[in-house]
Amino acid sequence: VGTLKKVLEREYVSFFDPMRTEFYAEDVTFDDPLTTLDGVASYQNNVDMLAGRTLMGKVLFQDAGIILHSVTGGDISSDGKSISDIITRWTLKFTFKGLPWKPTARFSGISEYKVVPAPGKPEGVQITGQVDYWDSINILPGGTYKQVDKGVALKDFLNQIAPGGFQAQTAAPEVPYTLLRRGDGYEVRRYPAMNAVQIPYGRRDEGFGTLGAFARGMNPLAPAILEVSDDEEANKYMMWPLSFAPPGSDVAPEVKAAVEKAAEGGQWKKCEILDIPSKDVAVGFFSDASMGPVVRKADRELRAVLERDGLVPSTDGDGKVKFAQYDAIFSMGKRRGEVWVELKEDGANPW
């Protein structure tokens, strides 16, 4: 079983290139929200198509990739005659290049592998079936999973690849993140450690003006992250990311120019340079202007769906709302606004 788990890890990293077919039964079954297949050859052809390794795949798909978040289960019974399901948690993405606007579809979820002892085979175990569930359509209240009609999955997929219309211009390159869950009405993202500049502000346009002047020449990143309180007397804060930790590091590079500028005091005396650790953040969405009632409503709705799906915030909010803005000031088009809720660590959530 331990070897099989390592094989699955390697298959996910390589997008099943190669697929270790000797660990799969000839009549293995595969059932995901969109597709039902029988046989190891059909299984392999399906992943090869998504990866662009078949003729149809080369025409339809590109940039396919899968991130493995965890591999659990596979416990052997005391008599050695049965093995519990192996569960993988993952995020899948691919670009559908069969459409002129080349949309990227993203799915997160789990796979349940049915595993049986195979004493007559060198591998010792064999996968006889795999059932996939998407976080966006298969989660029940509390966080368990259940299969749904394939028409629901088709609608979810088509909504992702539909044209998005005219989008507002983004103010700056976006801080990269790992998508942990694409849920029903929200996402969960893991952001790297960041180095950022933060100021208290009264009027938002003045806050943007101050940070724009401070960060000139430093190549700040999107989004601008704002925090407001129910207490009208409390400070409001605006933060711009300046750098982020590269893969494999827990520390964002220090932006020396920002540190030196903040140390000057004077007009920059309220600018604070922050080192922010990596965080898992639940994200809800809104497209209206980010006024107080709008962001507070979005925050309430996000916390409600997190509770529905069994996810645990780090705090109850304490009367504060954190939201993110991506768009350049005065830009035209559909705006992108988000509310952010940090999730509790130490095993309280699935990642």
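The values are calculated or read from the model by the stated rules, or taken from the named source; none is laboratory data. Keep in mind the model is a prediction, meaning the values are calculated, not measured. Every residue, glycine as well, gets a Cβ built from its backbone with ideal geometry; the counts of neighbours run over all protein chains shown. Only protein heavy atoms, including side chains, enter the accessible area calculation; ligands, DNA and RNA are left aside. Shrake-Rupley method; radii C 1.70, N 1.55, O 1.52, S 1.80 Å.
Screening Ile225 with (1) within 26 Å of the chain's Cα centre (by Cα); (2) modelled with pLDDT under 95; (3) not charged (D, E, K, R) gives one miss only, at (2). If the condition is being free of Cβ contacts under 8 Å to residues at least 12 places away in the same chain, of a type in the set (A, V, I, L, M, F, W, C) and under 21 Å from Arg181 (Cα atoms), then region 280-327 contributes only Ala304. Taken together, Ile137, Ile83 contain a single residue that is in contact (Cβ under 8 Å) with a residue 12 or more places away in the chain and under 22 Å from Arg308 (Cβ atoms), which is Ile137.
Select from region 187-243 the residues that are part of a strand (DSSP E or B) and of a type in the set (Phe, Trp, Tyr) and write down the one among them that is least open to solvent (accessible area, probe 1.4 Å).
Looking at the filtered set, the residue picked out is Tyr191.
Having 2 or more residues that are of a type in the set (Asp, Glu) is the bar; report the strands (runs of 3 or more DSSP E) wholly within region 5-110 that clear it.
24-31
When region 244-261 is limited to residues that are assigned to a loop (DSSP other than H, G, I, E, B) and touching a residue at least 60 places away in the same chain (Cβ under 8 Å), the one that is nearest to the chain's Cα centre (by Cα) turns out to be Ala252.
A quick yes/no check of all residues on (1) open to solvent by 60 Å² or more (accessible area, probe 1.4 Å); (2) at pLDDT 95 or above; (3) closer than 24 Å to Arg335 by Cβ; (4) touching a Ser or Thr at 6+ places or on another chain (Cβ under 8 Å):
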site	(1), (2), (3), (4)
Ala252	no, yes, no, yes
Ala257	no, yes, no, no
Glu264	yes, no, no, no
Cys271	no, yes, no, yes
Ala282	no, yes, yes, no
Ser287	yes, no, yes, no
Pro293	yes, no, yes, no
Leu302	no, yes, yes, no
Leu306	no, yes, yes, no
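The number of residues in region 51-63 being open to solvent by 50 Å² or more (accessible area, probe 1.4 Å) and farther than 27 Å from Arg189 by Cα comes to 5.
Taken together, the residues in region 111-144 that are open to solvent by less than 10 Å² (accessible area, probe 1.4 Å), part of a loop (DSSP other than H, G, I, E, B) and within 22 Å of Ser14 (Cβ to Cβ) amount to 0. In region 308-334, of all residues being open to solvent by 80 Å² or more (accessible area, probe 1.4 Å) and touching a strand residue (DSSP E or B) at 6+ places or on another chain (Cβ under 8 Å), the one that is farthest from Asp231 (Cα to Cα) corresponds to Lys334. Is it fair to say Val28 is modelled with pLDDT of 95 or more and under 27 Å from Asp135 (Cβ atoms)? Considered against the rule, which asks whether it is modelled with pLDDT of 95 or more and under 27 Å from Asp135 (Cβ atoms), Val28 comes out as yes.
Would you confirm whether any residue within region 64-87 is surrounded by 17 or more Cβ atoms within 10 Å (Cβ to Cβ) and of a type in the set (S, T, N, Q)? Among the residues of region 64-87, not one is surrounded by 17 or more Cβ atoms within 10 Å (Cβ to Cβ) and of a type in the set (S, T, N, Q), which makes the answer no.
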